[in-house]
Structure formats: C-alpha cells, structure tokens
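Q: Right, I'll just put the structure down here and ask away after.
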Amino acid sequence: MAKTSTTTQGLRAAIERSGYYPALVAEAVEAAVGGESMRSYLVHQETTFDQNEVRRHVTVLVLTANRFIVSHTDEQAADTTSPTPYATTSTESVKLGRISSIVVSRVVANPESYKPGTLPREIVLTIGWGAVSRIDLEPAACGDPDCEADHGYTGSSTADDLSLRVSEAGDGPETVRQALAFAQALSEATADLR
C-alpha cells in the first residue's frame, strides 16, 4: 500500500490471511487507494458452488477521507477465451457524497436476553450509491374485491450496489467485528457530508 500506517499494515495482513491471490488483490487495492490514507477497511472472502466447481471470490472495501473503494477478485475456470484458469480483478472508486444508503442488518440469537455490545451472529451490509438499482413491481389493486379495473402497477426501487453477508460461523467473530466497524466508519464519514 502507498503509505505505512497501522491501518495499511492491517489491510495488507488481512489480504494475506485471506490467502486468495494476495499479490494480485493487494496491487489492485493499492492502485485504487493511491496516495490517500485509509480510515477503515474490510476484507471478505466468499466461496460459492457453481455446478461441479468451487469458486472463490474476495471483496475488499476501503474507506479514505474522500472515497469508498470496492475491489472484487473472482477466479474463473479455463474456458473458450482462455485455455488456463484465470482471475479477474476490478476496483470501483466512489466519492463519499454519492453514497445514498448504508443498511446494516443484524441477526442476533436469543434476542430476549440480548446485552448491548454482544456480537451479532451475522450481519448483512448493503451500500447504495446509484450505480445499480433493483425495481420490484406488482399489479396495483384497490380495496374492492369485485373491482376489475386496471390500477396500473406499484413497486419499489432499492439501491443495491453492494451487499455483503458476514457470519460468525462462516467468517469468524473478528470479521464480523471488522464489518461492523467498517459500517460505522462509513456511516460517520457520510454523515459528515450532510
């Protein structure tokens, strides 16, 4: 990473711990961060199953003073475009002022005995900045069960640029803590802009 700091060293160590093409991932993140210092980060590795293949994916989120950076790295099996397996890495840099939505959904066991500060069993972090939206439509209706008129459609539009699920069982308690810390840092950074 560009600057030596505790946050930079922690990010580098987290990328190394993921074991997922660390040199490739670190280089992509370093290029996106440039010379800015980092406020917070999150490294999340996910394994998915695609027919008979196991695929890995890593997402790195970085918060700087001015930007939210997302890096995704996926591995691909050999196909018609490449005779050997390959990885694709992409980074997106978003100005903090563009972030329109930060949703943190927490899943807690035994909510009746919940004590403040207890780590959730899992969280889902959803961040929206307007690049991708999901629209859910359904036919509109009125309260008259005998009405046959066309009332058009009703629905909702949801910002759905990034959604990340982190669980204590799958990712470990430290990753859940890091995801909560990142979500709080991002919320605070965007609140400062309003």
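The values are calculated or read from the model by the stated rules, or taken from the named source; none is laboratory data. As the structure is a prediction and not an experimental result, all values here were calculated from the model. Here the Cβ positions follow ideal geometry from the backbone for every residue, glycine too, while neighbour counts run over all protein chains shown. Ligands, DNA and RNA are stripped out before the accessible areas are found, and what is left, the full protein with its side chains, is counted by its heavy atoms. Shrake-Rupley method; radii C 1.70, N 1.55, O 1.52, S 1.80 Å.
Q: Treating only the Cβ of Lys, Arg, Asp and Glu as charged (+1, +1, -1, -1), what charge dipole size does the range 59-194 show about its Cα centre? Round to the nearest 20 debye.
A: Approximately 860 debye in magnitude.
Q: Let me ask something additional. Mind checking the full-extension length gain between His151 and Glu112? Use 0.36 nm per residue of separation minus the Cα-Cα distance, one decimal, nm.
A: Stretched out fully, the His151 to Glu112 stretch lengthens by 9.7 nm.
Q: Separate question: Given points 7 Å out from each Cα along the Cα-Cβ axis, report the Arg55 to His72 separation in nanometres with one decimal.
A: 1.0 nm
Q: Could you work out how much longer the chain between Ala141 and Leu193 gets when fully extended? Use 0.36 nm per residue separation minus the Cα distance between them, nm to one decimal.
A: 14.7 nm
Q: Compute the long axis of helix 173-191 from its Cα atoms, compare it with the longest principal axis of the Cα atoms of the chain, and write down the angle in degrees, 0 to 90, nearest 10.
A: Helix 173-191 sits at roughly 70 degrees to that axis.
Q: Moving on to the next point. How would you classify the chain from its alpha-carbon gyration tensor, with a ≥ b ≥ c the square roots of the eigenvalues: rounded for a/c under 1.5, else prolate if a/b is greater than b/c, otherwise oblate?
A: prolate
Q: Taking 0.36 nm per residue of separation and subtracting the Cα-Cα distance, what length does fully extending Glu46 through Ser82 add?
A: Working it through step by step, the gained length comes to 10.6 nm.
Q: Taking a probe of 1.4 Å, how large is the accessible area per residue of the chain, in Å²?
A: On a per-residue basis, the chain sits at 59 Å².
Q: Between Leu119 and Thr7, what is the FRET efficiency for a Förster distance of 30 Å, r being their Cβ-Cβ separation, to the nearest 0.05?
A: 0.85
Q: Picking from Ala181, Ala149, Ala109, which is most flexible by a Gaussian network model of the chain using Cα springs under 10 Å?
A: The residue that fluctuates most here is Ala149.
Q: Could you identify which residue out of Ala14, Ala183, Ala65 has the top mean-square fluctuation in a GNM of the chain using Cα springs shorter than 10 Å?
A: Ala65
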